[in-house]
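Chemist: Below is one structure. I have some questions about it.
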Amino acid sequence: MKKTKFKKNILGIGAGYVGAPSMVMIASKCPDYKVTVVDVNPQRIAAWNSDQLPVYEPGLEKIVKKTRDRNLFFSTDVENQIAENDIIFVCVNTPTKTFGAGAGQAADLQYWEKTARQILENSQSSKIVIEKSTLPIKTALAMERILSSGKGNITFDVLSNPEFMAEGTAMSDLENPDRVLIGSRETKSGLAARQELVDIYSRWVPAEKIITSNIWSAELSKLVANAFLAQRVSSINSISALCEKADADISEVARAVGTDSRIGSKFLKAGIGFGGSCFKKDILNLVYLCRFYGLPEVADYWESVVKINEYQQDRFIANVLQSMFNTLAGKKICVMGFAFKADTGDTRESPAINITRKLLAEHASVVITDPKALANAAMDLEDAQGQISYVEDPYLAAVGCHALVIMTDWDLYRNLDYGKIYRSMVKPAFIFDGRNIIDHRKCFEIGFNVFPIGKPPLTRL
Ligand code: NAD
Ligand code: UGA
């Protein structure tokens, strides 16, 4: 290994939404460590080395500017970097498999396995390999088997250190995590590797928040944490449907239920359904694992979380159609927000994709507005048929529209001048608030017909 002035050399493989921010945080908190992030995608690495970072996260750019070329480096040279680093975080993507056995549910581990083989081929010294990607239980075993298939006498310790940060709050989550979870083999070398990683996080995370466990528990806990979070969203969304039928108000119900300290108030916001690259993928992975282990009742239970999410979107679009006199053909609809949540440009699995396609299928013409996600939106809808335009300014986007459909909970949309917007729209004008973020009564008084989620509509029709 090359000698450097740094105390430790750390590598992150995969410069995506997780790999880059988490390595950036280590570089920021450990200026005496050299942190390198590699990726097979040269455009992504070029962007990380430029002023236009490929990922938008509040606070990220500032830390990148402070650490880049000091002790943080971005590179495409995966092979040499593997050789030069002894602590390797694997942060590659693990999407849902789209082919073969388990298609539509199981995790596609091809990128993961390729990385394992690359690590084996390019290692001349023993290494600690850390799973940061979200993986099915027992993946570490497969990793160990691949890494121990080499002939040399170097050794590899595999750890599971799943990441719990959420997009939009990634930097604060990484800086002040609820917990850091580190799973290892409970052998002498497994425990020593675990301690190496504990030492890194101890630089900024209080000891009581660093949880250690056996490796399989760590792998499974990540899937279960996401499943529980998504389950809360589906639970409240299922009740929003009942509220709409029975004249109850979902915000009042959520508040009344959430003030029970055993239940808690977080993740009880009803809306258009959860998006993002992980909830659906991870629950389906859990469902697949349960079926694999012969637990069909458990699998069905968790699968229903995804089904309610789809139902919520179907319900939403049916309501738009029905409220607008059962025809959208030729009408102009403004889709407000395309990111799957506020404060990110990420649109993976965003409910807005599905809703926009359904609007287009009804022959509506769609104007999409979003402060950070228009480039991704255009890529997501590349193959979509119909009239779509992209307008960053929400006021301009709404001009001449028949309806506003709020898809993302951007703060920006809470405080727009809806009187001005109303005046520029075709009447009767509609708002379908898929996030319950605007002042419904005020918008009704302006003249809109307002359709929230899980609350009685305010309409003059
Ligand atoms: P991503 O697609 O944004 O990034 C993955 C990167 O890995 C890509 O840039 C890809 O080019 C690169 N890559 C793939 N194979 C490679 C290889 N062999 N060598 C080098 N680079 C390679 O994905 P992401 O959102 O960062 O997610 C990564 C993992 O982290 C997933 O398992 C995901 O479930 C998990 N996770 C994601 C989040 C999140 O908020 N996005 C949070 C927690 C955990
Ligand atoms: C989620 C988890 O919160 C992270 O802990 C986890 O690390 C990550 O997945 C992952 O594994 O990728 P993320 O998807 O980035 O993070 O964002 P969330 O804040 O969890 O939101 C997910 C979706 O649920 C969004 O579409 C959001 O709008 C929706 N949501 C969330 C609701 O509809 N209601 C709520 O009350 C909360």
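The values are calculated or read from the model by the stated rules, or taken from the named source; none is laboratory data. Not measured: the values here are computed from a predicted model. Here the Cβ is made from the backbone with ideal geometry for all residues, glycine too, and neighbour counts use every protein chain on show. Note: areas computed on protein heavy atoms with side chains; ligands, DNA, RNA excluded. Shrake-Rupley method; radii C 1.70, N 1.55, O 1.52, S 1.80 Å.
Chemist: Looking for whichever is assigned to a helix (DSSP H, G or I) and open to solvent by 60 Å² or more (accessible area, probe 1.4 Å) here; the options are GLN52, GLN43. Which one fits? Break it down stepwise before answering.
Modeler: Working: GLN52 fails: assigned to a helix (DSSP H, G or I).
Of GLN52, GLN43, the one residue that is assigned to a helix (DSSP H, G or I) and open to solvent by 60 Å² or more (accessible area, probe 1.4 Å) is GLN43.
Chemist: I would also like to ask the following. State yes or no: is ASP393 farther than 22 Å from LYS280 by Cα and out of contact with any Leu (no Cβ under 9 Å at 6 or more places or on another chain)?
Modeler: When the stated conditions are applied, ASP393 passes them.
Chemist: Mind checking whether some residue in region 150-157 is closer than 22 Å to GLU84 by Cα, open to solvent by less than 20 Å² (accessible area, probe 1.4 Å) and assigned to a strand (DSSP E or B)?
Modeler: At the first step, the residues of region 150-157 found to be closer than 22 Å to GLU84 by Cα are 150-157.
From what's left, open to solvent by less than 20 Å² (accessible area, probe 1.4 Å): none.
No.
Chemist: How do the pairs read when you match residues in region 269-281 that are part of a loop (DSSP other than H, G, I, E, B) with residues anywhere that are within 6 Å of ligand 2 (Cβ to nearest atom) and open to solvent by 10 Å² or more (accessible area, probe 1.4 Å), using Cβ under 6 Å and keeping only pairs 6 or more apart or on different chains?
Modeler: PHE274/VAL233; GLY275/PHE340; GLY276/PHE340; CYS278/ASN226
Chemist: Scan region 55-69 for residues that are surrounded by 13 or more Cβ atoms within 10 Å (Cβ to Cβ) and either within 19 Å of ILE13 (Cα to Cα) or hydrophobic (A, V, I, L, M, F, W, C) (or both) and report the count.
Modeler: 6
Chemist: May I ask you to list pairs of residues, at least six apart or on different chains, whose Cβ atoms are under 8 Å apart, with the first in region 436-456 being under 16 Å from ALA398 (Cβ atoms) and in contact (Cβ under 8 Å) with a residue 60 or more places away in the chain and the second being assigned to a strand (DSSP E or B) and open to solvent by 10 Å² or more (accessible area, probe 1.4 Å)?
Modeler: Going by the 8 Å Cβ cut-off, the qualifying pairs are ASN449/LEU458.
Chemist: Ok, one more. Taking region 198-234 on its own, how many of its residues are part of a helix (DSSP H, G or I), open to solvent by 40 Å² or more (accessible area, probe 1.4 Å) and either free of Cβ contacts under 8 Å to residues at least 60 places away in the same chain or β-branched (Val, Ile, Thr) (or both)?
Modeler: Within region 198-234, residues that are part of a helix (DSSP H, G or I), open to solvent by 40 Å² or more (accessible area, probe 1.4 Å) and either free of Cβ contacts under 8 Å to residues at least 60 places away in the same chain or β-branched (Val, Ile, Thr) (or both) number 10.
Chemist: Right, next: Working carefully through the options LYS65, LYS97, find the one that is farther than 20 Å from LEU159 by Cα, basic (Lys, Arg) and under 21 Å from the mean Cα position of the chain (by Cα).
Modeler: Just a single option satisfies the conditions, and that option is LYS97.
Chemist: Inside region 164-195, can you point out the residues that are crowded, with 17+ Cβ neighbours inside 10 Å and among the acidic types (Asp, Glu)?
Modeler: Selection gives GLU167, ASP173.
Chemist: Let me ask you something else. Report the residue count in region 309-340 for those that are open to solvent by 50 Å² or more (accessible area, probe 1.4 Å) and in contact with a helix residue (DSSP H, G or I) (Cβ under 9 Å, 6 or more places away or on another chain).
Modeler: Of the residues in region 309-340, 4 are open to solvent by 50 Å² or more (accessible area, probe 1.4 Å) and in contact with a helix residue (DSSP H, G or I) (Cβ under 9 Å, 6 or more places away or on another chain).
Chemist: Still on this structure: In this structure, does PRO177 turn out to be at pLDDT 95 or above, closer than 23 Å to ALA107 by Cα and either part of a loop (DSSP other than H, G, I, E, B) or more than 16 Å from ligand 2 (Cβ to nearest atom) (or both)?
Modeler: no
Chemist: As an exercise: evaluate GLU167 against (1) among the charged types (D, E, K, R); (2) within 30 Å of GLN312 (Cα to Cα); (3) touching a Pro at 6+ places or on another chain (Cβ under 7 Å) and give the number of the one condition it does not meet.
Modeler: That leaves (3) as the condition not met.
Per-residue answers, yes or no, for (1) modelled with pLDDT of 95 or more; (2) of a type outside the set (Asp, Glu); (3) away from ligand 2 (no atom under 15 Å from the Cβ):
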position	(1), (2), (3)
ILE130	yes, yes, yes
LEU135	no, yes, no
LEU147	no, yes, yes
THR155	no, yes, yes
PRO162	yes, yes, no
GLU186	no, no, yes
GLU196	yes, no, yes
VAL224	yes, yes, no
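Chemist: Counting just the residues of region 104-126 that are away from ligand 1 (no atom under 15 Å from the Cβ) and in contact with a Ser or Thr (Cβ under 8 Å, 6 or more places away or on another chain), which one comes out most open to solvent (accessible area, probe 1.4 Å)?
Modeler: SER126
Chemist: Tell me yes or no: at least one residue of region 352-365 is open to solvent by 20 Å² or more (accessible area, probe 1.4 Å), within 19 Å of the chain's Cα centre (by Cα), at pLDDT 95 or above and not hydroxyl-bearing (Ser, Thr, Tyr).
Modeler: First pass over region 352-365, keeping only residues open to solvent by 20 Å² or more (accessible area, probe 1.4 Å): 353-354, 357-358, 361-363, 365.
Next, from what is left, pick out any that are within 19 Å of the chain's Cα centre (by Cα): 353-354.
This time we only want the ones that are at pLDDT 95 or above, so: 353-354.
Going one step further and asking which of them are not hydroxyl-bearing (Ser, Thr, Tyr), we end up with 353-354.
Yes.
Chemist: Something else now. Kindly indicate whether THR347 is among the β-branched types (Val, Ile, Thr) and either in a loop (DSSP other than H, G, I, E, B) or surrounded by fewer than 16 Cβ atoms within 10 Å (Cβ to Cβ) (or both).
Modeler: yes
Chemist: All but one of (1) surrounded by 15 or more Cβ atoms within 10 Å (Cβ to Cβ); (2) modelled with pLDDT under 95 hold for ASN415, so report the exception by its number.
Modeler: Failing condition for ASN415: (1).
Chemist: Limited to region 235-250, what total is found for residues that are assigned to a helix (DSSP H, G or I), open to solvent by 10 Å² or more (accessible area, probe 1.4 Å) and either hydrophobic (A, V, I, L, M, F, W, C) or in contact with a Phe, Trp or Tyr (Cβ under 6 Å, 6 or more places away or on another chain) (or both)?
Modeler: First, pick out the residues of region 235-250 that are assigned to a helix (DSSP H, G or I): 235-246, 250.
Remaining after also requiring open to solvent by 10 Å² or more (accessible area, probe 1.4 Å): 235-236, 238-239, 241-242, 244-246.
With either hydrophobic (A, V, I, L, M, F, W, C) or in contact with a Phe, Trp or Tyr (Cβ under 6 Å, 6 or more places away or on another chain) (or both) added as a condition, the list becomes 236, 239, 241-242, 246.
Here the count works out to 5.
Chemist: Residues that are within 16 Å of ligand 2 (Cβ to nearest atom) and under 17 Å from PRO351 (Cα atoms), at least 1 per element: which strands (runs of 3 or more DSSP E) completely within region 399-461 meet that?
Modeler: Here the list reads 403-406, 430-433.
Chemist: Out of the residues in region 371-395 that are out of contact with any strand residue (DSSP E or B) (no Cβ under 8 Å at 6 or more places or on another chain) and under 26 Å from SER172 (Cβ atoms), state the one that is most open to solvent (accessible area, probe 1.4 Å).
Modeler: The extreme case among them is LYS372.
Chemist: Under 9 Å between Cβ atoms, at least 6 apart or on separate chains: pull out the pairs that start in region 97-117 with a residue that is within 19 Å of LYS280 (Cβ to Cβ) and end on any residue that is among the aromatic types (Phe, Trp, Tyr) and in a loop (DSSP other than H, G, I, E, B).
Modeler: These pairs meet every condition: ASP108/PHE99.
Chemist: Which numbered condition trips up ALA142, out of (1) surrounded by 21 or more Cβ atoms within 10 Å (Cβ to Cβ); (2) under 30 Å from CYS290 (Cα atoms)?
Modeler: (1)
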